[in-house]
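Asker: Please see the structure below; I have some questions.
Every number here is computed from the coordinates shown, using simple stated rules; none is lab data. Values in this document were obtained by computation on a predicted structure and should not be read as measured data. All Cβ positions, glycine included, derive from the backbone under ideal geometry; neighbour counts span all protein chains shown.
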Amino acid sequence: MAQSYNNIGLVYKNMKEYNTALTYLKKSLVLKIKIKDNTLASAYNNLGIIYNKMKLYDSSITVGKKGMEAAYKFKKSEFLSHCIQMLAAAYDGKKDIAKALYYYKRDKDVRDSVGKEEISSQFLELQSKYESEKKDADLKLKEESLKTAEALNSRKNILIILSTIALLMALIAGVFIFRSYKQSKRNALQLGLKNKIIGEKNKEITDSINYAKNIQQGLITSEDVFKENLKDHFILYLPKDIVSGDFYWAQKVGKEFLIMCADCTGHGVPGAFMSLMGIGFLKEIVNQKELTRPDLVLNELRERIINSFGLNANKDGMDASLVKLNGSEMQVSAANNSIWIIRNNESIVVRPDKFPIGVYSGEKQDFTLNTIQLQKNDLVLMYTDGYGDQFGGPSNKKFKHKTMEKLLVENQDLSMDQMKKLLHDTLMEWQRWLRAGR
């Protein structure tokens with residue numbers, strides 16, 4: 001549960017909903033403290049990152065130091081490094097450059113002793129150079145003072161004073177040049193620190209999204225399951241981002257075969273998060289509650305989504321169609337997603353209920369169950385709005401589902417592989433106009 005709260009918090013962080021992210025991350029922290037979890041330092045670090053985003057740097061520093069203590073306690077050098085980096089960012093945000101640099105060096109101590117020695121050597125060399133030049137400047141000033149005194153004694157006051165002024169001006173210019181050099185070095189170091197922090201955070205975000213992609217691909221039903229249970233089929237799945245809000249799922253239950261095609265709220269990470277929850281809930285509903293009738297499955301799935309996100313989460317949910325096959329009988333329930341049956345060069349539309357699997361403004365209703373007797377050579381198409389919503393063509397308009405429906409009807413006799421290629425190639429040609437900038 002602690003890790004679940006943590007993951008939900010990180011998703012809201014990526015969505016820049018920081019207050020909601022704090023709520024879940026604090027819940028995760030309380031549980032991790034209670035069970036003495038060895039990733040406690042990571043929980044403090046995640047809170048600190050959110051505080052930095054919200055410019056609450058003092059709060060970030062407080063949890064960052066607690067995170068360092070937890071990392072030392074559980075001997076987690078990676079989490080220690082993350083906490084130190086977060087502290088450096090907090091002090092940088094407070095414009096406390098000295099402490100930011102201090103924690104930057106602490107981070108290098110943990111992660112790269114060789115790098116630390118190089119940075120320390122550069123600082124020592126710069127400091128030594130400064131001290132040496134300062135001593136030289138002081139010595140020159142003393143020498144010029146002595147020359148001035150001697151000149152006065154030898155009645156050459158005017159010439160020596162002019163020379164002294166010229167030398168002093170040169171020294172002042174040298175001091176300004178040296179100070180400018182030091183400031184440039186300091187600015188370069190600060191910029192390097194910021195770029196390093198930004199680069200590491202970008203990598204962390206990209207790594208997290210790629211990890212989520214691997215999880216999503218692992219949960220989506222494999223091609224082998226469809227091959228084992230369907231005489232013929234094709235799947236055209238072209239996600240726009242690294243992770244997707246669209247998903248498909250299937251499972252064999254006795255003599256019955258269930259298939260779902262769904263489009264979750266949002267794109268990218270938010271949609272993918274909802275898809276992972278949806279697949280997890282489906283498995284629990286079918287395997288633990290032993291529900292297979294499509295309308296009952298969708299009713300239960302809706303309840304679980306509402307319970308997870310609350311009644312105020314009007315945008316959290318999915319549009320989907322669920323099919324159960326048993327011999328030639330097909331049962332269908334759908335939420336905002338139609339299903340087409342292409343039969344004898346005509347299209348039969350199985351219309352969905354006009355409400356989503358989630359919270360909506362209208363009166364709550366149960367999903368409708370449709371029972372259909374399939375005939376030989378029927379082509380059943382389950383789809384989301386992704387294909388028809390693609391822009392392109394000579395006028396840069398949507399492809400539209402009517403065009404896709406016509407394409408399927410006119411080419412019903414093609415094999416599944418040929419049908420998949422036709423849909424793919426047609427879409428690529430449609431989008432070619434957009435890629436060409438027309």
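Asker: Please sort by residue number the trypsin sites (Lys or Arg not before Pro) in the stretch 222-289 whose DSSP state is loop and whose Cβ has at most 15 other Cβ atoms within 10 Å.
Answerer: Details: sites: 227, 231, 240, 252, 255, 283, 289; in loops: 231, 240, 255, 289.
Sites meeting the loop and neighbour criteria: 231, 240, 255, 289.
Asker: Let me ask something else about it. Putting +1 on Lys and Arg Cβ atoms and -1 on Asp and Glu Cβ atoms, find which of 221, 61, 181 reaches farthest to the positive end of the dipole of the chain.
Answerer: The residue sitting most towards the positive pole is 181.
Asker: For residue 339, what residues show an amide H to amide H distance below 5 Å, using hydrogens built from the backbone and excluding near sequence neighbours?
Answerer: 350
Asker: Oh, and also: Determine the alpha carbon to alpha carbon distance for each of 13/105; 66/196; 13/397; 398/421; 66/283; 240/283 and list only those over 32 Å. Could the numbers behind the result be given before it?
Answerer: Numbers: 13/105 27 Å; 66/196 23 Å; 13/397 34 Å; 398/421 20 Å; 66/283 39 Å; 240/283 26 Å.
Going by Cα-Cα distance, 13/397; 66/283 fall outside the 32 Å limit.
Asker: While we're on this one: When a/c reaches 1.5 or more, the comparison of a/b and b/c decides; with that in mind, is the stretch 1-66 rounded, prolate or oblate per its Cα gyration tensor? Present the calculation step by step, with values, prior to reporting the outcome.
Answerer: Working: a/c = 2.35, a/b = 1.18, b/c = 1.99.
Note, shape of the stretch 1-66 comes out oblate.
Asker: OK, next. Given a Förster distance of 22 angstrom, what is the FRET efficiency for residue 163 paired with residue 132, based on the Cβ-Cβ distance and rounded to 0.05?
Answerer: On the way: r = 25 Å, r/R0 = 1.12.
In this case the efficiency is close to 0.35.
Asker: Something else about it: Amide H to amide H, which residues 5 or more places from residue 316 or on other chains are under 5 Å from it, using H placed in the peptide plane?
Answerer: Here 359 satisfy the definition.
Asker: Go through the stretch 54-68 residue by residue and turn each phi into a ³J(HN,Hα) via Karplus (6.51, -1.76, 1.60, θ = phi - 60°); whole Hz please, and just put x for glycine and proline.
Answerer: With coefficients 6.51, -1.76 and 1.60, one gets 8, 6, 8, 5, 5, 4, 4, 5, 4, 6, x, 5, 5, x, 4 Hz.
Asker: I need to check one value: relative contact order of the chain, counting alpha carbon pairs closer than 8 Å and at least 6 residues apart, in percent.
Answerer: Working: 577 pairs, mean separation 34.9, N = 438.
Relative contact order here is 8 percent.
Asker: Here's something else I'd like to know. Can you order the peptides 187-198, 79-90 by their average number of other Cβ atoms within 10 Å per residue, highest first?
Answerer: 79-90, 187-198
Asker: Go ahead and estimate [θ] at 222 nm for the chain from helices alone: -39,500 (n - 2.57) per DSSP H run with n ≥ 4, summed, over the residue count, rounded to 500. Intermediate results must be reported in sequence, preceding the final value.
Answerer: Working: 13 runs with 272 residues, N = 438.
The helix contribution divided over the chain gives -21500 deg cm²/dmol.
Asker: Give the cross-link partners of residue 73 among the lysines, using a straight C-alpha distance below 16 Å as the criterion and excluding same-chain residues fewer than 8 apart.
Answerer: Within reach: 32, 34, 36, 65.
Asker: Using Cα pairs closer than 8 Å and at least 6 residues apart in sequence, work out the relative contact order for the stretch 356-438, in percent. Walk me through the numbers before you get to the answer.
Answerer: On the way: 49 pairs, mean separation 23.8, N = 83.
Relative CO of the stretch 356-438 lands at 29 percent.
Asker: Describe numerically, in nm with one decimal, the distance between label points set 7 Å from Cα along Cα→Cβ at residue 111 and at residue 284.
Answerer: 3.7
Asker: So what are the ³J(HN,Hα) numbers for the stretch 295-303, from phi and the Karplus equation (6.51, -1.76, 1.60; θ = phi - 60°), rounded to whole Hz, Gly and Pro as x?
Answerer: 5, 5, 5, 5, 4, 5, 4, 4, 4
Asker: Which of [x] 165; [y] 222; [z] 132 is the computed volume of the Cα convex hull per residue in Å³ for the structure on display?
Answerer: [y]
Asker: For residue 147, go through the lysines and keep the ones whose alpha-carbon is under 19 Å away, minus same-chain ones fewer than eight residues off.
Answerer: Within reach: 135, 156.
Asker: Shifting gears a bit: Zone of residue 200 (label point 7 Å along Cα→Cβ, backbone N under 20 Å): which residues in the stretch 31-47?
Answerer: 39-47
Asker: Just the number, please: percent antiparallel of the DSSP beta bridges in the stretch 222-386, rounded to the nearest 5.
Answerer: Working: 37 of 39 bridges.
Taking every DSSP beta bridge with both residues in the stretch 222-386, the antiparallel ones total about 95 percent.
Asker: Modelling each spin label as a point 7 Å along the Cα-to-Cβ direction, I'd like the residue 349/residue 34 distance in nm, to one decimal.
Answerer: Going by the 7 Å Cα→Cβ label model, 5.1 nm.
Asker: Amide H of residue 367 versus every other amide H placed in the peptide plane: which residues, excluding those fewer than 5 positions away on the same chain, fall under 5 Å?
Answerer: For residue 367, the qualifying residues are 299.
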